[in-house]
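Enquirer: First the structure, then my questions, so here it is.
Rule-based calculations on the coordinates, nothing more; no lab input. Owing to the predicted nature of the structure, the values given are computational and were not obtained by experimental measurement. All Cβ positions, glycine included, derive from the backbone under ideal geometry; neighbour counts span all protein chains shown.
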2 protein chains.
Amino acid sequence: MWQLYQYTLCPFSRKVRFALAEKAIPHELLRELPWDRRDEFTDMNPAGQTPVLAAPNNTTVLIDSSAICEYFEETVERTPLLGAGPIDRAETRRLVSWFDQKFYAEVGVLLLQERMYKRLVHRASPDATLLRQAGRNVEVHLDYIEYLLDHRRWLGGPTFGLADICAAAHISVADYLNGVDWTGHAEAKQWYSAIKSRPTFRPLLAERMEGLAPPAHYDKLDF
Amino acid sequence: MWQLYQYTLCPFSRKVRFALAEKAIPHELLRELPWDRRDEFTDMNPAGQTPVLAAPNNTTVLIDSSAICEYFEETVERTPLLGAGPIDRAETRRLVSWFDQKFYAEVGVLLLQERMYKRLVHRASPDATLLRQAGRNVEVHLDYIEYLLDHRRWLGGPTFGLADICAAAHISVADYLNGVDWTGHAEAKQWYSAIKSRPTFRPLLAERMEGLAPPAHYDKLDF
């Protein structure tokens with residue numbers, strides 16, 4: 001069975017876990033905190049980042065959340081997640097980059113640094129200015145999600161796919177860290193509620209990071 | 001013909017230009033400076049970033065350098081750039097992410113900010129501390145390139161491909177901005193010299209950004 005090196009609040013690990021669940025790929029979870037800089041992990045992935053997916057005895061080691069998702073899109077035909085044709089697939093990949101890079105830089109990394117890393121590792125208080133900035137940026141991203149949903153059933157097009165998986169992975173981490181104010185975003189809420197109700201996503205919502213509790217609405221379908 | 005919105009020192013645009021040249025896809029270059037925040041460009045790409053590749057009359061608009069490269073890998077069979085099998089392709093994608101994200105964050109964005117943007121837009125002096133940091137980081141990346149080349153003919157495996165294209169795009173921008181000290185990196189130099197001699201890459205090396213000259217060795221095959 002594949003072994004996935006990951007940790008609960010890593011948005012890139014969540015993206016891979018959600019995608020593997022949708023494609024029904026059996027895998028075992030191994031907890032890896034990248035900031036521990038464990039030698040054996042750095043030997044596997046010199047970038048030192050989660051997620052890493054390894055076959056038994058490390059005969060195959062897949063690194064980088066997008067490379068992992070593309071690998072299973074190529075090798076497992078059931079439940080295509082990227083879209084039907086090359087243009088649909090380009091649009092899905094554009095949105096995956098949007099959330100992996102733009103949302104992560106403007107929201108995720110700020111919340112993870114200020115509300116998780118500072119608390120668990122440094123026992124320090126978050127910087128209120130950076131949290132406000134993350135909050136303003138979340139608004140822009142929720143607006144963009146609603147713009148997309150004005151034109152489409154799901155973020156990437158008519159069918160559920162990797163754009164939704166990737167967006168939900170990043171947003172769920174921000175939501176766990178109490179960084180998402182859903183007020184006034186009925187359409188985005190409706191989309192996220194549909195995601196939350198998927199049996200492939202519910203195990204993620206049930207997990208907790210020790211020493212860090214999510215807000216009460218976090219795993220509720222009606223929030 | 002496709003129209004590519006780009007600017008000379010954008011590493012992501014260089015990656016797409018190099019890949020399009022290798023695949024012999026005809027395209028016209030349009031100069032787009034993202035910091036001008038031109039309305040028509042933001043309408044095309046709400047992320048506001050280059051490169052964007054548009055078909056005539058914007059009937060198709062491809063956004064994000066990796067999405068563009070994957071599109072042509074899927075639709076144009078000649079000169080495959082990602083590798084032969086799914087595992088080779090996963091390795092290529094891992095390295096593309098390495099350079100697009102890690103090299104760019106640790107080297108490219110610092111040099112572009114300090115040596116290009118500050119000079120052309122703000123007429124300000126670069127921050128010497130950040131430049132030193134970029135210089136130290138370049139060393140680590142050249143070492144990693146040489147580690148890869150100890151085991152392989154090209155960065156991604158036995159054949160030239162998108163890992164080389166992506167690495168060369170990012171490194172050439174850093175080199176233009178005088179951010180690469182090649183001393184003591186004979187193996188990386190040999191690889192980059194082979195890249196520099198490719199007819200598909202030479203047009204990039206011949207270009208100049210107004211107001212910003214590269215060092216003398218920049219476009220020389222023997223450097």
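Enquirer: What are the distances, in nm and sorted shortest first, from the label point of B:GLU106 to the label points of the same position in each other copy, with each label point placed 7 Å from Cα along the Cα-to-Cβ direction?
Expert: Ordered by distance, the counterparts are at 2.7 nm.
Enquirer: Among the listed pairs B:LYS102/B:LYS189; A:LYS23/A:LYS118; A:LYS15/B:LYS118; A:LYS102/B:LYS189, give every one whose C-alpha distance is greater than 25 Å.
Expert: A:LYS23/A:LYS118; A:LYS15/B:LYS118; A:LYS102/B:LYS189, as the Cα separations exceed 25 Å there.
Enquirer: Under unit Cβ charges (Lys, Arg +1; Asp, Glu -1), what dipole magnitude, rounded to 20 debye, does chain B have relative to its Cα centre?
Expert: Value, rounded to 20: 380 debye.
Enquirer: For B:ARG153, place a label point 7 Å from Cα along the Cα-to-Cβ direction in every copy; what are the distances to the other copies, in nm, shortest first?
Expert: Sorted ascending, the copy-to-copy spacings read 4.7 nm.
Enquirer: Would you mind classifying chain A by shape? Square roots of the alpha carbon gyration tensor eigenvalues, ordered a ≥ b ≥ c; an a/c under 1.5 is rounded, otherwise it is prolate if a/b is larger than b/c and oblate if not.
Expert: The shape class here is oblate.
Enquirer: Counting only DSSP beta bridges with both residues in the protein assembly as shown, tell me the antiparallel percent, nearest 5.
Expert: 60 percent
Enquirer: For a protection proxy built on the mean count of beta-carbon atoms within 10 angstrom, sort A:54-66, B:181-193 highest first, please.
Expert: Top of the packing list down: A:54-66, B:181-193.
Enquirer: Among B:ILE68, B:ALA24, B:PRO46, which residue has its Cα furthest toward the positive end of the charge dipole of segment B:2-75, with +1 on Lys/Arg Cβ and -1 on Asp/Glu Cβ?
Expert: Result: B:ALA24.
Enquirer: Just the number, please: percent antiparallel of the DSSP beta bridges in segment B:2-75, rounded to the nearest 5. Write out the running numbers ahead of the final one.
Expert: Details: 6 of 11 bridges.
In segment B:2-75, DSSP labels about 55 percent of beta bridges as antiparallel.
Enquirer: Summarise the partner chain shielding of A:60-70 as one whole number: the mean count of Cβ atoms from other chains within 10 Å of each residue's Cβ.
Expert: Taking all residues of A:60-70 together, the mean is 5.
Enquirer: Here's something else I'd like to know. In chain B, what % of DSSP beta bridges are antiparallel (nearest 5)?
Expert: Numbers: 7 of 12 bridges.
Approximately 60 percent, going by the DSSP bridge assignments.
Enquirer: Same structure, new question: Per-residue mean of other chain beta-carbon atoms within 10 angstrom of the beta-carbon, peptide B:92-99?
Expert: For this peptide, the per-residue mean of nearby foreign Cβ atoms is 5.
Enquirer: To the nearest Å, what is the center-to-center distance of segment B:43-73 and segment B:1-34, using C-alpha atoms only?
Expert: So the separation of the two Cα centres works out to 10 Å.
Enquirer: Next question. Hey, how many Å between the Cα centroid of segment B:93-123 and the Cα centroid of segment B:196-223?
Expert: First find each Cα centre; the distance between them is then 18 Å.
Enquirer: Hey, another quick one. Can you tell me the order of B:118-130, B:100-112, A:135-147, B:10-22 when each peptide is scored by its average per-residue count of other Cβ atoms within 10 angstrom, highest first? Please report the intermediate quantities before stating the final value.
Expert: On the way: B:118-130: 12.0, B:100-112: 21.2, A:135-147: 17.3, B:10-22: 24.0.
Highest to lowest by the protection proxy: B:10-22, B:100-112, A:135-147, B:118-130.
Enquirer: A further question follows. Return the Rg/Rh value of segment B:2-75, two decimal places, where both radii are evaluated on C-alpha atoms and Rh is the Kirkwood radius. It would help to have the intermediate numbers written out before the result.
Expert: Details: Rg = 11.3 Å, Rh = 12.2 Å.
So for segment B:2-75, dividing Rg by the Kirkwood Rh gives 0.93.
Enquirer: On average, how much area does the Cα convex hull of segment A:156-223 cover when viewed from any direction, in nm²?
Expert: It is 4.7 nm².
Enquirer: Using a label position 7 Å from Cα in the Cα→Cβ direction, what is the ascending list of nm distances from A:GLU40 to the same site in the other copies?
Expert: With the label placed 7 Å along Cα→Cβ, A:GLU40 yields 5.9 nm.
Enquirer: Using the Cα atoms of the protein assembly as shown, I'd like the radius of gyration and the largest Cα-Cα distance, Dmax, both in angstrom.
Expert: Cα-based Rg and Dmax for the protein assembly as shown come out at 21.6, 65 Å.
Enquirer: With a cut-off of at most 16 other beta carbons within 10 Å, and DSSP calling the residue loop, which trypsin sites (Lys or Arg not before Pro) in segment B:193-223 qualify? Please list them.
Expert: Answer by residue number: B:ARG208, B:LYS220.
Enquirer: Tell me, what is the FRET efficiency for B:ARG38 and B:ARG202 to the nearest 0.05, using R0 = 25 angstrom and their Cβ-Cβ distance as r? If you can, show how the numbers build up before the last one.
Expert: Details: r = 30 Å, r/R0 = 1.18.
That pair, B:ARG38 with B:ARG202, gives E of 0.25.
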